[in-house]
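A short worksheet on the structure shown next.
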Amino acid sequence: MSRGGRIGTALSFLASYGIARGLAFLGPLLLARLLTAETYGGLELALSLAALIGSAVGLGVPQATPRLKLILGQARIADVLAFAFLLSALPLLIASWMTAWAGLSWVLTLTLGLAVLYGGQYGLSFWARVEGRKFLSTWVDNGTLLLLGVGAGLLTLAAVTPTARDLIGSAWALAVPLGVLGVGVLAALRPKGLFTLWRGALKEGLPLLATGLVLAAFAAAPRLLAGRFLPLADVGALAFAGRLCLLLLVVHQLLMTWHFRNLYTWPAARCDKVFAGLLSGLAVLGTAIMLAWPTVAPLLAPDYPHLPRLVVGLVATQTILWIGLALFEAMLGRQGLGARAAPILALVGGLSWGAIEAGLLVLPASPLLIALGSCGLLGLGVGTQWLLLRQSGLVLPRAGLALVLVGLPPLVALVPL
C-alpha cells in the first residue's frame with residue numbers, strides 16, 4: 001500500500017473510532033440528564049454487574065480466541081464463539097424474564113438482560129480483533145454503551161424520560177436479536193466437529209476466564225462498593241464522575257484496537273515503553289478532567305449530589321488503574337499465566353475488600369471513603385500483576401515507575417486554587 005493509502009486508512013480508522021467512541025462516551029452522560037440520580041445510579045450499578053457477568057458468557061472461549069488464532073493457528077473461530085455465546089446467553093435471558101415475572105428488583109432484571117448484551121459484545125470484539133477487522137472493532141468493542149448512546153440521543157431529541165421498565169424492555173429488545181444472530185451464524189456455517197473444537201477452546205479459555213473474572217471484579221469494585229454502602233443517588237453521582245473520566249479509556253482503547261495483535265509479538269522492552277508513556281499521559285489528562293469538574297458537572301447534571309475535586313481526582317486515578325489492569329492482563333495472557341494469576345489476584349482482592357468492609361464498620365461510608373478504598377484495592381491488584389509478570393521474566397520497569405504517577409490527580413486536587 002502506498003504512503004497516501006496508509007494515511008487515508010489511518011484517517012478513516014480515526015474517524016470511525018471517534019464516532020463510535022463518541023456515542024459510547026456521550027450516551028451515559030445524556031442519560032444522566034434524563035434520569036433521576038436514583039434511577040441513573042441503578043442503571044450504572046446494573047451496567048457494572050452486567051459487565052462482570054457478561055465477561056463469563058462463553059466460559060472463557062472469547063478470551064481464548066487470541067491464543068487459539070494467533071498463537072495456535074486455529075482457523076475456525078466464528079462458529080465456536082457463536083456456540084459458546086448461545087450456551088450462556090440464553091439462560092441469562094430466560095432468568096431476566098423470570099425475575100421480572102416474579103416481581104424482583106428491577107436492577108436485577110436489567111442486570112441479567114444487559115449481561116446478554118455484554119456477552120455478545122465480548123464475543124464480537126475478540127472475533128473482530130483477531131481477524132484484524134479494525135474498523136468493525138471500533139464499533140463492537142463498546143457495543144453495549146454505543147447502543148445506549150444512540151438510544152440516549154434519540155430520547156434527548158424527543159424529550160422523553162425513560163423509566164426503569166423502559167430500560168429493561170430496551171435490553172430485552174436488543175438481547176433477542178443477538179441470540180438470533182448466534183443461531184444464524186451456526187446455520188450459515190453448518191460446522192462439523194463443532195463440539196470437539198468447543199471443548200478444546202474451553203480448555204484454553206477456562207484459566208483465562210478465572211483471571212478475567214477476577215480482573216473484571218477489580219474493575220467493577222468501585223461501583224459495587226458504592227452500591228453496597230451508599231444510597232443510589234450517591235452511586236449515580238460517583239458513576240457520573242466515572243463516565244466523565246472514561247475519556248481516559250478512549251485513549252487506551254485506541255491503542256488496544258490498533259495494536260492488539262502486536263501486543264502478543266512486540267518485545268518486552270517496547271511494551272514497557274508504550275505502557276509507561278500511556279500511563280504517564282493518562283495521569284496528566286486525568287488531572288485536567290479533575291480540574292474541569294467544578295465547571296462541567298453543574299452544566300451536565302445539576303441535580304446530582306455534589307462531589308468535591310478530591311473525590312473526582314480519586315475516580316480519575318481509579319480509571320487509570322483500571323486501564324493498567326487491562327494492559328497487564330494482556331501480558332498475563334501472553335505469558336500463559338492465567339491459571340497462576342487468578343487465585344493470587346482473588347486473594348489480594350478479597351483481603352482488600354475485607355479491609356474496606358472492616359474500615360466502614362468504624363467510619364461512616366461516604367463517596368470520599370469509597371473512592372479512596374477503591375483506589376487502594378485497584379492499586380494492589382495492578383501491583384500484584386506487575387510482580388507476577390516480573391517473576392515470569394517479563395520485566396516492565398518503566399511501566400512500574402509510571403504507576404506511581406497515577407496518584408497525580410488527587411494530589412493536585414489537594415492544592416488550593
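The values are calculated or read from the model by the stated rules, or taken from the named source; none is laboratory data. Quick caveat, the model's predicted, so the values are computed rather than measured. Don't worry about glycine lacking a Cβ; one is built from the backbone with ideal geometry, like all the others, and counts go over all protein chains shown. Each accessible area value is taken on the protein alone, full model and side chains, heavy atoms only, with ligands, DNA and RNA left out. Shrake-Rupley method; radii C 1.70, N 1.55, O 1.52, S 1.80 Å.
For the chain, what is the calculated [θ] at 222 nm in deg cm²/dmol (nearest 500), taking -39500 (n - 2.57) for each run of four or more DSSP H residues and dividing by its residue count?
Calculated mean residue ellipticity at 222 nm is -28000 deg cm²/dmol.
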Counting only the heavy atoms of the protein chains, how much of ARG340 is accessible to a 1.4 Å probe, in Å² to the nearest 10? 110
VAL176 versus ALA102: modelled label distance in nm, points set 7 Å from Cα along the beta carbon direction: 2.3
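Which of the DSSP-defined H helices in the chain satisfy a minimum axial length of 27 Å, computed from C-alpha atoms, and a minimum mean Kyte-Doolittle hydropathy of 0.0? Present the calculation step by step, with values, prior to reporting the outcome.
Values: long enough: 3-34 (46 Å, 0.89); 78-101 (34 Å, 1.69); 106-130 (36 Å, 1.02); 164-189 (38 Å, 1.62); 194-229 (46 Å, 1.03); 268-300 (44 Å, 1.34); 309-335 (39 Å, 1.17); 338-362 (36 Å, 1.36); 367-392 (38 Å, 1.11).
Span-like helices, by this rule, are 3-34, 78-101, 106-130, 164-189, 194-229, 268-300, 309-335, 338-362, 367-392.
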The range 141-219 pair-distance distribution - Cα-Cα, 5 Å bins, rounded %: 3, 11, 11, 14, 15, 18, 12, 8, 5, 2, 0
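How big is the equivalent ellipsoid of the chain along its three axes, where each semi-axis is √(5λ) from the Cα gyration tensor, reported in whole Å from largest to smallest? Each step should come with its number before you reach the end.
On the way: eigenvalues 189, 147, 97 Å².
After diagonalising the Cα gyration tensor, the semi-axes are 31, 27, 22 Å.
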Surface accessible to a 1.4 Å probe, VAL214 within the full protein complex, Å²: 30
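Pairs of alpha-carbon atoms within less than 8 angstrom and 6+ residues apart define the contacts here; what relative contact order does the range 287-417 have, in percent? Write out the running numbers ahead of the final one.
Details: 98 pairs, mean separation 59.9, N = 131.
Rounded, it is 46 percent for the range 287-417.
Averaged over every viewing direction, what's the projected area of the C-alpha convex hull for the range 89-224? Give it in nm², one decimal, please.
Working: hull surface 42.4 nm².
Orientation-averaged projected area of the Cα hull: 10.6 nm².
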With unit charges on the beta carbons (Lys and Arg positive, Asp and Glu negative) and the dipole taken about the Cα centre of the chain, which residue among LEU11, TRP139, SER366 sits farthest to the positive side? LEU11
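Roughly how many percent of the accessible protein surface of the chain is carbon and sulfur, given a 1.4 Å probe and a whole-percent answer?
Working: 12730 of 17910 Å².
After summing per-atom areas, the C and S share lands at 71 percent.
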Which sequence of GLU357, GLU329 reflects their accessible areas, 1.4 Å probe, from the largest down? GLU329, GLU357
Full-extension gain in nm, ALA358 to LEU387, via 0.36 nm per residue minus C-alpha separation: 7.8 nm
To the nearest Å², the heavy-atom accessible area per residue of the range 28-177 with 1.4 Å probe amounts to 40
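Where Rh denotes the Kirkwood radius from the mean inverse Cα pair distance, what is Rg over Rh for the range 284-378?
On the way: Rg = 16.5 Å, Rh = 15.4 Å.
Taking Rg over the Kirkwood Rh, I get 1.07.
Nothing charged except the Cβ atoms of Lys and Arg (+1) and of Asp and Glu (-1): what's the magnitude of the dipole of the chain about its Cα centre? Round to the nearest 20 debye. Walk me through the numbers before you get to the answer.
On the way: 26 positive and 12 negative charges, 290 e Å.
So the dipole magnitude of the chain works out to roughly 1400 debye.
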Over every pair of different alpha-carbon atoms in the range 98-142, take the mean of 1/r and invert it; report that Kirkwood radius in Å. 11.9
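Rounded, prolate or oblate for the range 22-116? Axes are the square roots of the Cα gyration tensor eigenvalues, ordered a ≥ b ≥ c, and the cut-off for rounded is a/c under 1.5.
Numbers: a/c = 3.51, a/b = 1.66, b/c = 2.12.
In terms of gyration-tensor shape, oblate.
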